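The values are calculated or read from the model by the stated rules, or taken from the named source; none is laboratory data. The model shown is predicted, which means the values in this text are computed figures rather than measured ones. Glycine also receives a Cβ, built like all others from the backbone with ideal geometry; neighbour counts cover every protein chain displayed.
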Amino acid sequence: MKHTIEMNVNGEAWAVDVAPGETLLEVLREKVGVKSPKIGCERGDCGSCTVLYDGKSVRACLVLAVEAEGHEITTLEGISHDGLTVLQEKMVELSSFQCGFCAPGIVLSVHELLQERPDPSADEVKEAISGNLCRCTGYDPIVDAVLEAARIGPGDRG
Amino acid sequence: MTDTYVGKADEANAMETLGVIGKGTPRIDGLDKLTGAAEYVDDMDFGPALLHAAVVESPYGYARIKGIDASKAEALPGVVKVVTGKDFPYTFGMYMKDRYVFAQDVVRFAGEQVAAVIARDARTAKKAASLVEVDYEVMEPLLDPMKALADDAVLIHPDLEDYEHVPWFFPKAGTNIAHWRKTRRGDLEAGFAEADVILEDEYTVPRYAHCAIEPHVVVARLDKAHRLTLWTASQSPYTQRDVFAQALAPLGLSHKDIRVVTPYVGGGFGGKAGVSMEIIGAALATVVPGRPVKVRWTREQEFTNTYQRQGVRARIRLGAKKDGTITALEHDLYWDAGAYVEYGANVVNAAGLSATGPYRVPAVKIDSLCVYTNLPPGGPYRGFGYSEFHFGLESHITRMAQELGMDPVEFRKKNAIVEGDTLAYGEAMNPSGLIEAIDKTAAAIDWGVEETSDDPTKAIGKGLCLFWKAPAMPPNASSASFLKFNEDGSMNITVSGMELGQGYLTVMAQVASEILAVPPEKIRVETPDTDRNPYEWQTVASHVTWSCGNAVAAAALEAREKIYKVVHDARGYEEGSLYLEDEKVKCDTDPDFELPLAEFVVGGIMMPDGTYRGGPIVASGKFMPEFTSALSDPETSQGGHPNVHYTVGAAGVVIEVDRDTGKIHVKKAALAADVGRAINPVLIEGQITGGLLQGLATVLYEDMRFDAQGRLLNPTFTDYKIPTSKDVPDQIIPIIIETPQPDGPFGARGVGEHTMIAAAPVIGDAVADALGVRLKEMPITAERVALAVAGMDD
C-alpha cells in the first residue's frame, strides 16, 4: 500500500514512501526530518503544525501526505534563505514569545499575511494568528512584533 | 551559613550602578525558538530502534479489574510487549505515595492507565491497545467531594493510613480525607462577637486544564549496562529522578543509575511538574532493555491523565466592624482532589496556610480538606490553590465592603497586610508594596469614575481585587549552579531550573552578567541534564528567579573572588582594589591597569619568568532557605515557618457586558505586582499579559465537564476553549512595583503564577458592578450572567 510521493520541501526535491493514512505532519517530521511543525492536538485546533502549502498556510495534521504530491511545502526552516526574516528578527528582539512551541506556526501564519498585506492593522494580525493557539504570551507581544516588522518592511529578505 | 549567604545577597544588592539588571535584555533563547533550532523531546531522533507505547485506559471512574486478556494484542504483528499492573506492583508519588504505575485491582478515575502495549510503531501500539480486553466490575464513582465526606461514603483508598507521606500531611484514616490543614490564630468567637457585620456564603470553583501546547512526552531507555535515561518534557528533572529512583528501587535502580534530560519544554503551568505519565515511560523501558521507548500523550490524554487544577467548594464567614476593620475569618475549603493526591495534597496545604488572603486578620480559622474523588488526579496549576480560594475570598471582601457601605478599594487598603503584620501561621509578613499596587491599579482603571457604554444594551462595570502567593516548597527545596569561563571570556552556566517560557535562562544570564561584567549574549545557560547540571528542586512555585537567582549570584561572586585572587597573585594588586567592568579587571588604585577576562580566565596570567598563575575559572553556588520549617502544631499550624515570603499585588478590570446575552468584553485589565526588583521588566510584562489572559479564561469560559461515570466530556480544544488572539482585552496595563526582597538576588522575588490569581474575582466584581448580580460559581459565562440577570439562576 506504500505510495511514493514527490514534493518540494523548503526548496529541496523529496521522494518519500508514504502510507495512505499518513499525514503530511508525520511525513515531514519522521521522514523528511523537519521538526519545526509541532504536534499539539492532531485535530486542527491548535495550529502548531502550520506549514505553507504552495504559499498558503495549512495545518499539516489535517493534510494527507499524498495530497502533497507535486506541491511546495515551506516550513519555518525554509522561509528565509538569507538569515532571519525581519519578522523573526523583531520577535527575537522584542522577546515576543515564551516557550516557543507555537512560534513556528505563528511565524508562518504571519509570513503569509505579510505577503498579502505588507501593512496590516492590529486586527488583521490577530485574525491571521487566531488559528494558532499560544498559552504563554497573551498574544499582545506577538502582535506588537508583527506591526513593528511590517513598519520596517521586508527589505530584500523576502 | 544563612548569614554568610545573606551577606553575599546584600553584596549583590549593594552594587550601586546596575548594567543589565532592570533592563529588558532580549531573551537568550530567541534564536533557538524563532529559527526552529529549539529541540523539544518529541523532536529528538532515536533511530530505528525506537519503540512506541500506547496505554490502555479505564473507561470508568471507579471499577474493579476482574481480569485482563492481552492475547489478541500480543498476537498483532509488530507488538513487542504488553504489560499490566501485575508487572509493576509499585506505588509512587512526590509528597504521598498513593499512586500506582499501573492500576492494580481497582481503577479510580476514567483515563487511568491499566495496561500498555509496546510496539515497533505508534499505529500498531494504538491498535493493539484497543485489542486488550479488560473485564471490569463497575462501581458507583464518587465525583463530589461533599458526598465523599459523608460518614457512609465508600473509601477510595482503604489503605490510606499505610501510605508514606511528608510530615506536614495529616491523612484521616477511615475517611476520604487525604490531608487536613488546620490553621488557627486568635480568638475566633471574640472576633465575631466584636463584628458589626458578619457575612457568610459559599463559592464554587470547578476543575481546569493547563493546556500547554506541547503534550507530555517521555522517551526512556534502559541500556544493557543497567543505565536508565529519560528524556522528558518536564519542569522537574531532579524531582523526577528522585521519584523514579524511589519507585523503581525494587528493580535495583538508584539515583546514579538514572539520568533525566529535559530539553526545551513547550509550556508547563504546573502540569509538567512532578511525575505524572512519565512513570509509565520509566517502567516500560525496564521491560525492553536496550531499546528506547516513547510515550507521547494525545491531546485527550493531556486533559484526562496528567494533573488537573482541583475544584473547590469554599464556605466563608467574615466579620468586620462598622469602621471597616476585619475582626474574624472562618474559611473552609473542600477540595475535589481526585483519585490520587501525591502532589495535589500540597496545593490544599498551601491554601490552608494562606487563605486569609493579603489581609490583616486578627482571628482566623481555616480548614482546608483534601478529599479523594473518582476524578483525575488534581495537582499543581499556576497559582497552586491561591487562584481557587481568591475567587471566593475576594468576592466576599467586596461584598463585605458593600455591606459596610464602604468603597471596596478603601476597605481593602484599610485591611491590607503590611510588613511586620502577623501571618495566619504566626510569622511576620515580608516587605511589600501592596498599598502602592492598589493605588496604581485603581488609577489605571479610573476607579471611582463611573462609565457608561455608548450602547444602551450594554453596561460597564469595574472590579479591583488583591492577590498574594507564597512559594509552596519543602523547607529544604534548593537550587545550585555551576559556572565556567571559556577561553574567549564567555561563560557557560549550568542550572537545573527549567526554561518553560518564562525567560528563566535569560534572567540567570543577567544575574551573572551583572556581577561579572560579561554581557548576557556571551553567557550560555543550558537546559537541565541531571548528569551534568547541579541540583534544582523543581521549576514551580515562582521561586527560581529568587532561589536559583541566588545560587547563580553565589557562583558569580565566587568566580569574581577567584578572578581577583589570580590578578592579585600575578600582578600584586590588593584584591579589595579590583573591580570588573566591560569584561575587564580594573583597579581603583591604578587607573592605567586593565586586564581583559579573555586573556586569563582559562589560560592564566603569564609571569616574567614564563610560568603561569591561575587556570580555568570555575565556580559553584547554592541556595537553600535555611530559615523555613514545615513542622508546626497540626491543630493550629502555629510554630513553624512554612513559607519563605509572599509576592503581592492588585488587579483591576473595566468590562462591558451585554445586558441581554451576558457576553463580557474586557476593555481594560491592569495588574500591579510587587516583584521586589524587576531583573527583566520586559519578561515580567510578558508574565502579566500572559497570566492575566490565562486567568481571565478560567472565569470567562474554561470549564471541565464530566459525565456520571467521571469521564471528561470536553477533552479537546474544540470543546475546551482556550483564548485565541481575538480574545485578548482591548488594553492590558502591566504595573511593576519594586519593594526589595532582602534575601532575593538584587532584591527580586517571583511573579510567574501571581498574574492569574486575581483574574476571576475581578470579573465577578465587575459583573456585579455592571449588572447588580453576584455570581458565586466559576466560570462566569455569558449564559450564567444572562440567567442571573433574568433571575433564572439556581
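For the stretch A:117-142, enumerate the residues that are surrounded by fewer than 24 Cβ atoms within 10 Å (Cβ to Cβ), facing another protein chain (nearest Cβ under 9 Å) and of a type outside the set (S, T, Y).
Once the filter is applied, which keeps residues that are surrounded by fewer than 24 Cβ atoms within 10 Å (Cβ to Cβ), facing another protein chain (nearest Cβ under 9 Å) and of a type outside the set (S, T, Y), the stretch A:117-142 yields A:D123, A:K126, A:E127, A:A128, A:G131, A:D140, A:P141.
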> Which ones in the stretch B:197-214 are within 14 Å of another protein chain (Cβ to nearest Cβ) and part of a loop (DSSP other than H, G, I, E, B)?
Replying inline: B:A209, B:H210, B:C211, B:A212, B:I213, B:E214
>> I'd like the residue in the stretch B:672-687 that is buried (at least 21 other Cβ atoms within 10 Å of the Cβ) and assigned to a helix (DSSP H, G or I) and, out of all such residues, is farthest from the other protein chains (Cβ to nearest Cβ).
In response: B:I684
>> Which of the numbered conditions does B:D223 fail, given that it passes all the others? Conditions: (1) touching a residue at least 60 places away in the same chain (Cβ under 8 Å); (2) surrounded by 18 or more Cβ atoms within 10 Å (Cβ to Cβ).
In response: (2)
> How many residues does the stretch A:111-152 contain that are over 18 Å from B:V728 (Cα atoms) and in a helix (DSSP H, G or I)?
Replying inline: 11
> Of the conditions (1) touching a Lys or Arg at 6+ places or on another chain (Cβ under 7 Å); (2) buried (at least 21 other Cβ atoms within 10 Å of the Cβ); (3) more than 14 Å from chain A (Cβ to nearest Cβ), B:N492 fails just one. Which one is it?
Replying inline: (2)
> Going by the structure shown, is B:G764 more than 14 Å from chain A (Cβ to nearest Cβ), in a helix (DSSP H, G or I), in contact with a Ser or Thr (Cβ under 7 Å, 6 or more places away or on another chain) and on the phi < 0 side of the Ramachandran plot?
Replying inline: yes
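Tally up the residues in the stretch A:72-84 that are β-branched (V, I, T), part of a loop (DSSP other than H, G, I, E, B) and out of contact with any Pro (no Cβ under 7 Å at 6 or more places or on another chain), please.
1
Just one of A:V27, A:V16 is more than 12 Å from chain B (Cβ to nearest Cβ) and buried (at least 21 other Cβ atoms within 10 Å of the Cβ); which is it?
From the options A:V27, A:V16, the qualifying one is A:V27.
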> Is the stretch A:109-116 home to any residue that is of a type outside the set (S, T, Y), within 8 Å of another protein chain (Cβ to nearest Cβ), within 19 Å of A:L147 (Cα to Cα) and touching a Lys or Arg at 6+ places or on another chain (Cβ under 8 Å)?
Replying inline: no
> Hey, A:D82 hits all of (1) at pLDDT 95 or above; (2) within 29 Å of B:P26 (Cβ to Cβ) but one; which does it fall short on?
Replying inline: (1)
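Residues are listed down the side, and each one gets a yes or a no for (1) in contact with a Lys or Arg (Cβ under 6 Å, 6 or more places away or on another chain); (2) within 14 Å of another protein chain (Cβ to nearest Cβ); (3) within 12 Å of B:V134 (Cβ to Cβ):
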{"site": "B:Y40", "(1), (2), (3)": "no, yes, no"}
{"site": "B:D45", "(1), (2), (3)": "no, yes, no"}
{"site": "B:P59", "(1), (2), (3)": "no, no, yes"}
{"site": "B:G67", "(1), (2), (3)": "no, no, yes"}
{"site": "B:A73", "(1), (2), (3)": "no, no, yes"}
{"site": "B:V83", "(1), (2), (3)": "no, no, no"}
> Can you tell which of B:A669, B:A697, B:A651 is within 14 Å of another protein chain (Cβ to nearest Cβ), touching a Cys at 6+ places or on another chain (Cβ under 7 Å) and aliphatic (A, V, I, L, M)?
Replying inline: B:A651
> Filter the stretch B:56-78 for residues that are surrounded by fewer than 17 Cβ atoms within 10 Å (Cβ to Cβ) and among the acidic types (D, E); which is nearest to B:P376 (Cα to Cα)?
Replying inline: B:D69
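Give the stretch B:503-561 a look and list any residue that's within 14 Å of another protein chain (Cβ to nearest Cβ) and among the acidic types (D, E), or say none.
Hit for the stretch B:503-561 is B:E521, nothing else.
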> Just one of the numbered conditions (1) without any contact (Cβ under 8 Å) to a residue 40 or more places away in the chain; (2) crowded, with 20+ Cβ neighbours inside 10 Å is not true of B:V205; which one?
Replying inline: (1)
> Of the residues B:G639, B:G621, B:G690, B:G615, which single one is modelled with pLDDT of 95 or more and assigned to a helix (DSSP H, G or I)?
Replying inline: B:G690
> In this structure, does B:A53 turn out to be more than 14 Å from chain A (Cβ to nearest Cβ), surrounded by fewer than 24 Cβ atoms within 10 Å (Cβ to Cβ) and under 26 Å from B:A285 (Cα atoms)?
Replying inline: no
